[in-house]
Amino acid sequence: MVIDFHTHTFPDAMAPRAVEGMASGADMMAYSDGTVSGLLSGMARAGIRYAVLAPVATKPHQTEGINRAAAEINARTGQTGLISLGGIHPDNGDYRQILEGLRAGGFRGIKLHPLFQGVPADDSRVLRLVECAAELGLIVLIHAGDDPNYPGLDYASPRRLLALLRQVPYQRIILAHMGGFNVWDQAQALCGAPCFLDTAVALGPWRRKNGELSGEKPLDSARFVRAVRAHGVDRVLFGSDSPWSDQAEALAAVRDSGLTPAELEAVLGGNGAKLLGIRA
Ligand SMILES: [Zn+2]
């Protein structure tokens, strides 16, 4: 069973504008239209059973609407295989109430994006939020590394993420993009840290908006396999970052990377099923 632990969708009415805006801002090609139905057809093509949606509240006032839409998605997980995390912004002053509400509503966790949210990963507002999520047992998926929308901004650098992990050691934190999108060397410092890593767009290739291959090189297969083993194969989760990569291509890249069948089983779904409490 394959679980894609890192995907994005937008409400139908805003998907075209949201995807176009980010594709232009980051000069990245979108492989789906960013709607729920676009994601479902990608999953069907790739043979993916479950996908975890990671919505980001870029402003504190968006939290409520995002979580209402996410709850609707979670009400249909049995039919669709879609599991949405909740959104929350580090500036939500009533964060404890929001997190308790998410937990009571059956949410598995939350997504944070230091660059889109404008708050560094080791800021006290993030620390208090992660501490509270830890008390409640919620998964915390955090963007890691650069983001092509914010060139040069280090808010999710491996150094800051390590500072966060040191201050809030919590085993259910997931650092996206193998710990550091586009800063693969720095991300090595996170190998073996007490957290999960996801594989989203770490194996590439990703494409410019016009369809050309990006010149920036993600991890090659040998380096990816070394990183997975050095970190711990039981704490790595397959993710595609759909719509920013093709789910089938992302899956093939991990399958062809050189991991053993047992390692693949863990990374592609076994670890995720345990973390989500799903029977494989
Ligand atoms: Zn993402």
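Here, each number is a calculation from the coordinates, and none is a lab measurement. From a predicted model like this one, the values you see are computed outputs, not experimental measurements. Quick reminder, even Gly has a Cβ in these numbers, built from the backbone with ideal geometry, and neighbours come from all protein chains shown.
Taking amide H positions as placed 1.01 Å from N in the peptide plane, with prolines and chain starts having none, which residues 5 or more places from residue 27, or on another chain, fall under 5 Å of its amide H?
none
What are the ³J(HN,Hα) couplings of the stretch 242-257, residue after residue, when phi is run through the Karplus curve with 6.51, -1.76, 1.60 and θ = phi - 60°? Round to Hz, x for glycine and proline.
Going residue by residue, I get 3, x, 8, 8, 7, 4, 5, 5, 4, 5, 4, 5, 6, 4, 8, 6 Hz, with x marking Gly and Pro.
For residue 237, list long-range residues whose amide hydrogen, built 1.01 Å from N in the peptide plane, is under 5 Å from its own amide hydrogen.
Close amide H contacts, sequence-distant or interchain: 197, 198, 199.
Taking amide hydrogens as modeled 1.01 Å from N in the peptide plane, which residues meet the under 5 Å criterion relative to residue 112, leaving out close sequence neighbours?
Amide H neighbours of residue 112: 141, 142, 143.
With θ set to phi - 60°, apply the Karplus curve 6.51 cos²θ - 1.76 cosθ + 1.60 along the stretch 25-41 and write out the HN-Hα couplings as whole Hz, x wherever there is a Gly or Pro.
For the stretch 25-41, the Karplus-derived couplings read x, 9, 6, 10, 7, 9, 9, 9, 7, x, 8, 4, 5, x, 5, 4, 6 Hz, x marking Gly and Pro.
Mean separation of Cα pairs under 8 Å and 6+ residues apart, divided by the residue count of the chain: what relative contact order is that in percent?
Working: 558 pairs, mean separation 59.8, N = 280.
Worked out over the chain, it gives 21 percent.
Which of the peptides 2-13, 178-189 is most tightly packed, and how do the rest follow, judged by the mean count of other Cβ atoms within 10 Å per residue? Before the final figure, lay out each step's value.
Numbers: 2-13: 22.4, 178-189: 20.8.
Per-residue mean Cβ counts within 10 Å order the peptides as 2-13, 178-189.
Do the sum for the chain: with -39,500 (n - 2.57) for every DSSP H run of n ≥ 4, divided by all residues, what is the mean residue ellipticity at 222 nm, to the nearest 500 deg cm²/dmol? Intermediate results must be reported in sequence, preceding the final value.
Numbers: 13 runs with 111 residues, N = 280.
That comes out to -11000 deg cm²/dmol.
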